[in-house]
1. Give me a comma-separated list of calculated 3J(HN,Hα) values for segment 332-346, in order, Karplus coefficients 6.51, -1.76, 1.60 applied at θ = phi - 60°, integers in Hz, x for any Gly or Pro.
2. Which whole-number percent is the relative contact order of the chain (Cα, under 8 Å, 6+ apart)?
3. Quick check: residue separation of residue 11 and residue 148 times 0.36 nm, minus the Cα distance between them. What number comes out in nm?
4. Going by C-beta contacts inside 10 Å, put 175, 283 in order with the fewest on the left.
5. Where the only charges are on Cβ atoms (+1 Lys, Arg; -1 Asp, Glu), what is the dipole of the chain about its Cα centre, to the nearest 20 debye?
6. So, how do all the Cα-to-Cα distances of segment 235-357 break down into 10 Å bins, in percent, from 0 on up?
7. If each residue's Cβ is checked for other Cβ atoms within 10 Å, how do 307, 118 rank with the fewest at the top?
8. Translational D (Stokes-Einstein, µm²/s) of the chain at 37 °C and 0.692 mPa s when Rh comes from the Kirkwood sum over C-alpha pairs?
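What follows draws every value from the coordinates through simple rules; no lab data is involved. Computed from a prediction, not measured in an experiment: that's the story for all the values here. No Cβ is skipped: glycine too gets one built from the backbone with ideal geometry, and neighbour counts run over all protein chains shown.
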Amino acid sequence: MAQQDWKRKKAARRRRAGAVVIAIVLVTTALLARYQLFSREVLFGPRAEFYANLATASVVSSVLLLAAWIWVSNSSSSSDSTSSTSGSSPALAFAAAAVALPTAAVAAIQVMFPATPYDAAAPACAGAPVLKARFLGQTVAPGVNARDGAGTGFPNVDRYGGSCTLGFDGFCIGEPVVEKLSGLEDTRWYIVHGRDHVVSSSKIRDQSPVARLAPKPDADCESKYGGLPAPDELEFTPSRDSGPLVKLSARAEGASLVGYAVYNPDPRSGTYGYSRVGIVDTEPTFDGTWDSSTAVSDLRKQEGTIYLGAAICLAAEVPFRDAAVFAATYRDGRVVRLRPDERLNDDATKLLRQTACSTSP
């Protein structure tokens with residue numbers, strides 16, 4: 001009789017241990033499945049995240065409650081009343097865990113592996129993955145049309161809501177669309193991550209540094225999205241006009257905007273060396289004027305060299321290719337010579353290029 005009782009208790013202990021192991025395996029599997037589905041972008045978006053969290057919590061709760069029932073059943077059938085009471089303590093722990101653990105586990109996964117990246121300023125847009133995108137942007141209200149080509153003449157294949165985050169893998173050059181904040185044309189069309197369509201950059205507020213995108217259009221733009229060729233190298237030809245005025249002129253096939261800026265490498269104390277001249281959209285020569293007398297007051301003396309730069313702008317704040325630079329030599333407070341310059345260091349040239357395409361602080 002004692003032998004049978006011992007065997008019965010041993011079998012009960014095995015069932016309880018098995019319940020614990022199975023519970024651990026199933027709970028871990030459920031949590032890993034939730035993580036993998038989002039990290040691999042099989043599931044994405046706020047709605048999918050909500051239902052996935054709900055399903056994960058339900059599975060974890062059900063498994064733990066089942067484990068608790070198995071524990072209690074095998075405790076009561078293999079022990080006397082005293083040991084049964086003590087044996088039910090793990091069952092109570094399972095039951096408590098069934099309530100607390102799912103919430104904690106799902107919250108932990110969301111913190112460590114969020115469905116929307118932390119550097120996103122808004123929740124992900126429904127219908128497009130964002131986790132593995134190299135570049136993020138927020139759609140403007142009331143939303144943005146997605147097209148299968150880089151222009152408004154291409155069919156509208158989808159639409160994303162306003163004030164949500166989209167991911168992008170690159171850009172194409174396409175039909176210019178006026179961007180409302182700057183009032184300037186934007187020729188970029190962003191390639192939506194994980195999708196075969198594009199949206200106009202003019203309808204996106206960038207959340208990531210532009211440097212995360214490739215410095216030139218995607219290789220498939222022209223063949224896949226009907227994109228336009230990238231603008232050619234800039235030909236910059238400033239010339240002295242009447243008085244202190246310098247006539248600005250530049251050509252670049254395919255460009256829609258050209259910006260101009262000046263750089264004083266040796267400014268007076270308290271003054272900034274870089275300043276905007278302006279962005280011009282008057283194709284094909286992008287004519288402008290610079291009043292050279294405005295730089296005289298920033299020279300330590302009334303003579304020296306000021307650098308005048310021109311850059312192609314794909315949009316406000318987005319220069320393209322290297323800046324073309326001329327050196328303006330001052331004597332007695334006026335420009336006496338303009339010559340092409342290739343000696344300005346790379347850092348100064350990059351800042352001059354950025355300044356040329358900038359619009360506001």
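1. Rounded to whole hertz, the list is 6, x, 9, 6, 10, 7, 10, 9, x, 10, 10, 9, 4, 5, 4.
2. 11
3. Residue separation times 0.36 nm, minus the Cα-Cα distance, leaves 42.9 nm.
4. Least crowded to most crowded, the residues run 283, 175.
5. 2220
6. For segment 235-357, the binned pair fractions read 15, 48, 31, 5, 0 percent.
7. By the 10 Å Cβ count, ascending: 118, 307.
8. Rounded to a whole number, D works out at 130 µm²/s.
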